[in-house]
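This report refers to the structure that appears directly beneath it.
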Amino acid sequence: MTDLSNGFHISDPDTWRRKATAFVTRTHQHLWGKNNEDPMVFLFRRGLTHDFIRAMHLGWNKFGQKRSPASWGIQHRSASEEDKLFLPAGIVVPHIVEKELKAVFILSMDQENRCWLVPGSPENRLVLGTPGDRPETSNDLAIGLKKWQDSGQTGGIVIEPRINPF
C-alpha cells in the first residue's frame, strides 16, 4: 500500500486509475458542455487557448463531490464511513504522460492559487516535456500551464504546485 496524505492509502492502483480516468473524462466533457462560461472565462483570463485546454484535457468539476474511498481503490486509516474521498469544485488538471494518468490536480476558481491533489495520485508534480538540466519551474499551476503553452510545448517545465489539504 502506498501512503498518501490525510491518512489515505492506495489499496488497488488499477481501480484508482480507472476511477480517476473516468473522472477526468467526465469533467473534460463537462467543460465543453453547456453552461461552461465561468470556467472558460477563468481559463481565458489566465491566457490559455482553446487548443491548449483541449490538448491538456483540462476539465471542470462544477460541484464538490464525496466518494467512497474503497470504490476508488483507496483506504483510510480510520476506516470510518465519514472519511470520504472529497473531490472539490474547480478546474481539473490531469497529468498524462504517454497515455498514462500520473496525477489529478484540482485548481480552485474561487480561491487564488488554491490547488488540491486528488488522493491516489502517484505524483505531486507535473513534468511537461523534457526539462533537461535546468528546467523552467513554477509553483503555481495556472502560471506553469501558461508558460508551457507559450513555449510551444518545447523544452520542458516542472510544475510543483503548493498543495492544499482537503
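The values are calculated or read from the model by the stated rules, or taken from the named source; none is laboratory data. Bear in mind the structure is a predicted one, so any value in this text is a computation, not a measurement. We place every Cβ from the backbone using ideal geometry, glycine too, and count neighbours over all the protein chains shown.
Return the total of residues in the range 35-61 being aromatic (Phe, Trp, Tyr) and in a strand (DSSP E or B).
The first filter runs over the range 35-61 and keeps only residues aromatic (Phe, Trp, Tyr), leaving 42, 44, 52, 60.
Filter again for in a strand (DSSP E or B), leaving 60.
Final tally of qualifying residues: 1.
I'd like to know if the range 127-139 contains one or more residues that are farther than 23 Å from residue 29 by Cα, touching a residue at least 40 places away in the same chain (Cβ under 8 Å) and either out of contact with any Pro (no Cβ under 7 Å at 6 or more places or on another chain) or of a type in the set (Val, Ile, Thr) (or both). No, that holds for no residue.
Of everything in the range 136-159, what is in a loop (DSSP other than H, G, I, E, B) and surrounded by 16 or more Cβ atoms within 10 Å (Cβ to Cβ)? Give them in sequence order.
140
Somewhere in the range 145-159, is a residue closer than 22 Å to residue 30 by Cα and either aromatic (Phe, Trp, Tyr) or modelled with pLDDT under 90 (or both)? Within the range 145-159 (the criterion being closer than 22 Å to residue 30 by Cα and either aromatic (Phe, Trp, Tyr) or modelled with pLDDT under 90 (or both)), the answer is no, since none of the residues qualifies. Candidates are the residues of the range 106-117 that are at pLDDT 90 or above and out of contact with any helix residue (DSSP H, G or I) (no Cβ under 6 Å at 6 or more places or on another chain); the one that is surrounded by the fewest Cβ atoms within 10 Å (Cβ to Cβ) is 108. Note on the range 81-98: residues that are modelled with pLDDT under 90 and either part of a loop (DSSP other than H, G, I, E, B) or closer than 15 Å to residue 160 by Cβ (or both) amount to 5.
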